[in-house]
Amino acid sequence: MRRIAVIGMGAMGSAVAKALLSSGAEIVTYLEGRSSETRERAAAAGIREVDRPALVEAEIILSIVPPSQAMEVADLVATAMRASQSSAIFVDCNAISPQTMRSVAQPFDNTDAKVLDGCIIGGPPTVGNPGPRFYLSGDAKETVAVLVEYGLDARALDSDIGAASALKMCYAGINKGLIGLGTSMLLAAAKNGAEEALMAELCESQSRLVAKFAEGIPDMYPKAYRWVAEMDEIAAFLGADDPAADIFFGMAGVFQRLATDRTGNSAIATTLSEMLAERPQGSVNRYDALSNGNFDEGSEGLEPVPSARGSQDKVELEAELEEGLEDSFPASDPISATVTSIPGSTRT
């Protein structure tokens, strides 16, 4: 039986620890200075609390904490390992930039530890759910094999420390950045009286995006405080010379606003949830009503109807394309129509 330490008994850390425990590993954690709620969560998961010397006796130590606490945990573990001459494997699994990851590794320079860079993509594991994917970089194949043995979906990146963190930054920048963007624009629409029109148009032309927002935005509310530091890490990852860094500094402000709202009356969250809950079906605008044979545009109670734009636009596009080809190519040279304007590319 392998002993694995999990530091961080939040929603993700406690669920990962419980999954490892259920697969036969011995799981311990360190809870000094943690809240009673955190201690209760660990106890409910069946995780045994130990002191620092016992903590670093574990074969693998997983740090799963908010980004702002990653450095604190690294210092604590490195100090304990130095005192006991431990040779444990320390895996930072937090949403931090490659630059921060290199800082996290520094305290272990004078220890016998192996430090690995890790990231977690996906939600906490639950019964019947395989859970998130763990990506590790930095000579991680043996450690990945152990985590897989005990039920985690772990994958080794054939790259040095920093690669796993870069993966997390890029993925989170797209996924959580999109949630932040949607949040900002929905609130702007509500502020300016355009919320119903925006939701109607999104439902008609961007239904998959609406579905993502309907699930992702409410799910973000309790996590917003943790996403603030994550957005700052993404901005640092991009660097001051990349104009996109400013986008993620702004996203940090968006999530800080939601985090503050949650500690107050949750007025912002209520506005967003109401918009997402009242999603219209189909279209009731003048163009679609007339296109479907309802010529009484002043009538009340128009039923939602499927959009006619798609078929209308297709007909117009085909007509324009046919007319354009006739004007561009002589009838005696049909072969020339198969050559594209892209250098080195032909289409047959």
Would you mind getting me the FRET efficiency between residue 274 and residue 43? Use the beta-carbon distance for r and R0 = 45 Å, nearest 0.05. 0.75
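Report the antiparallel proportion of the DSSP beta bridges in the range 109-215 as a percent, rounded to a multiple of 5.
Numbers: 6 of 11 bridges.
The antiparallel proportion sits near 55 percent.
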How much length would be gained if the chain were fully extended between residue 262 and residue 159, taking 0.36 nm per residue of separation minus their Cα-Cα distance, in nm to one decimal? 33.1 nm
Starting from the Cα-Cα distance between residue 188 and residue 127, subtract it from 0.36 nm times their residue separation and give me the gain in nm to one decimal. 18.0 nm
Mind checking which of 145, 126, 103 is farthest towards the positive end of the range 99-164's charge dipole, using Cβ charges of +1 (Lys, Arg) and -1 (Asp, Glu) about the Cα centre? 126
Counting all Cα-Cα pairs in the range 3-161, those more than 26 Å apart amount in percent to 17 percent
Rg/Rh (Cα only; Kirkwood hydrodynamic radius) as it applies to the range 166-277: 0.98
Which entries of 141/223; 176/212; 114/141 have Cα-Cα distances beyond 22 Å here? 141/223
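Would you mind calculating the relative contact order of the range 1-145 from Cα pairs under 8 angstrom and at least 6 residues apart, reporting the percent as a whole number? Please report the intermediate quantities before stating the final value.
Working: 262 pairs, mean separation 31.3, N = 145.
Relative contact order for the range 1-145 comes out at 22 percent.
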Going from the fewest other Cβ atoms within 10 Å to the most, one would list 89, 234 as 89, 234
Be a star and scan the range 46-63 for residues whose amide nitrogen sits under 16 Å from the point 7 Å along the Cα-to-Cβ vector of residue 145. 60
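So, R0 is 35 Å and r is the distance between the beta-carbons of residue 196 and residue 171; what FRET efficiency does that work out to, to 0.05? Each step should come with its number before you reach the end.
On the way: r = 33 Å, r/R0 = 0.95.
Between residue 196 and residue 171 the formula returns 0.60.
At most 12 other Cβ atoms within 10 Å and a DSSP loop assignment: could you name the GluC sites (Glu not before Pro) in the range 23-62 that fit?
Values: sites: 26, 32, 37, 40, 49, 57, 59; in loops: 32, 57, 59.
Passing sites in the range 23-62 are 32.
Given 0.36 nm per residue, what is the gain on full extension from residue 85 to residue 106 after removing their alpha carbon distance, in nm? Intermediate values should be presented prior to the final figure.
Numbers: separation 21, 0.36 × 21 = 7.56 nm, distance 1.65 nm.
Between residue 85 and residue 106, full extension yields an extra 5.9 nm.
Dipole magnitude of the range 107-171 about its Cα centre, charges +1 at Lys/Arg Cβ and -1 at Asp/Glu Cβ only, in debye to the nearest 20?
Values: 5 positive and 9 negative charges, 65 e Å.
Approximately 320 debye in magnitude.
Laboratory data are not the source of any read-out in this text; all were calculated from the coordinates shown. Model, not experiment: these values are computed from the prediction. With ideal geometry, Cβ positions are generated from the backbone for all residues, glycine too; neighbour counts draw on all protein chains shown.
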